[in-house]
Each structure stands twice: as C-alpha cells, then as structure tokens.
Amino acid sequence: MDRLFDHPIITVATAREWLGLTPAGTNQIVNRLEGIGPLREITGYARNRRFRFDPYLRLFEDGGEAER
C-alpha cells in the first residue's frame, strides 16, 4: 500500500513486481483491493488493465473529498 502513494496508477504486472507473487496471486490481491475500494480499474479492458489509487488521487482533483 505504501508504494501506491508514489505510484498511484498501476498495472497488475507492477503489483506483481512489488509483491513478488505469482500472476494469479497478484490478481487476487488487486481484485480484492478493487472490491473494497482503494483501487479502481480505469481502462475498461479485460487485459492490460490499469488501476488508480482512487482515494488518494481524489485529494488532488478539483473539490477534493471535502466537497463530495
């Protein structure tokens, strides 16, 4: 999770490098994080998906979290 603050847009391959897990294991973790909210898939693709660390990036967008 700490690395997401430095790299808030990731792929499963990036997460796999960070975690040192199998592709299947990494997909499970990424899917769980997507399910509970910290990651949001942004490509709409089934392959080569990109995810954003949504709560963090929203802090820098117009209005931020305080106005929502």
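The table below gives the values:
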item: Of all residues in the stretch 15-47 being of a type in the set (Ser, Thr, Tyr) and exposed (fewer than 14 other Cβ atoms within 10 Å of the Cβ), the one that is nearest to residue 2 (Cα to Cα); result: 22
item: Where a residue in the stretch 25-48 is without any contact (Cβ under 8 Å) to a residue 40 or more places away in the chain and its partner, wherever it lies, is assigned to a loop (DSSP other than H, G, I, E, B), with Cβ under 6 Å and at least six apart; result: 41/49; 43/49
item: Set 52, 68, 40: member being in contact with a helix residue (DSSP H, G or I) (Cβ under 6 Å, 6 or more places away or on another chain) and either at pLDDT below 95 or basic (Lys, Arg) (or both); result: 40
item: One residue from 52, 3 being touching a residue at least 12 places away in the same chain (Cβ under 8 Å), in contact with a Lys or Arg (Cβ under 8 Å, 6 or more places away or on another chain) and of a type in the set (Lys, Arg); result: 52
item: Members of the stretch 4-46 that are in a helix (DSSP H, G or I), within 17 Å of residue 58 (Cα to Cα) and of a type outside the set (Asp, Glu); result: 4, 5, 33, 36
item: Residue in the stretch 59-66 that is surrounded by fewer than 13 Cβ atoms within 10 Å (Cβ to Cβ), aromatic (Phe, Trp, Tyr) and in a loop (DSSP other than H, G, I, E, B) present; result: yes
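The values are calculated or read from the model by the stated rules, or taken from the named source; none is laboratory data. What you see is a predicted model, and the numbers here were worked out from it, not measured in a lab. Backbone-built Cβ (ideal geometry, glycine too); neighbour counts: all protein chains shown.
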